[in-house]
Amino acid sequence: LGLRSEETDFSPKATLQWRPTDDTTAFATYAEGFKSGGFNNFSTTAEGIEVKPEKATSWEVGAKGNLLAGSFSYALTLFQMEMEDLQLQSISHGVISLERLGQEYGNSRRRLSVVKLRGAQFREQPVPEDRDEPEFAQHW
């Protein structure tokens, strides 16, 4: 078929960290990621042979620290990741296929080219005075 692909990418990441007190750290991170495209050896159609590169952009902000003279620790994080041309691999009836969400989705002919994930995480944890005691943590 004479197919050829060449890709390059620059994926920066930057993190800022601030300690407003000895017991508290705040942070913010921005990052870009890349997964190369290529060719789908399992495609049954000509237009499904070439796979576009997958690109991701993410940010995260949060704070972590200790309260009550160090007897209680916490962490709070908010995050978002946006992916373009997400590559998915699936196995159905013993056949491996590589699919992109940018292609047709189900029977609706609707195209999805961007997937966004957003969330928050909160962790709280009492810190035992005797470090040999089991620790307990909750996450949301």
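Overview of results
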| read-out | value |
| --- | --- |
| Per-pair calculated FRET efficiency, R0 = 22 Å: ARG118 and SER36 via Cβ, rounded to 0.05 | 0.25 |
| Residue-by-residue Karplus 3J(HN,Hα) for the range 69-74, coefficients 6.51, -1.76, 1.60, Hz, glycine and proline x | 6, x, 8, 9, 10, 8 |
| Solvent exposure ordering (accessible area, 1.4 Å, most first) of ARG19, ARG123, ARG118 | ARG118, ARG19, ARG123 |
| Net charge of Cβ neighbours under 13 Å - reference SER11; Lys, Arg +1; Asp, Glu -1 | -1 |
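The values are calculated or read from the model by the stated rules, or taken from the named source; none is laboratory data. Everything numeric in this text was worked out from a predicted model, so none of it was measured. Note that each Cβ is placed from the backbone with ideal geometry, even for glycine, and that neighbours are counted across all protein chains shown. Just so you know, the surface numbers come from the protein's heavy atoms only, side chains and all, with ligands and any DNA or RNA stripped out. Shrake-Rupley method; radii C 1.70, N 1.55, O 1.52, S 1.80 Å.
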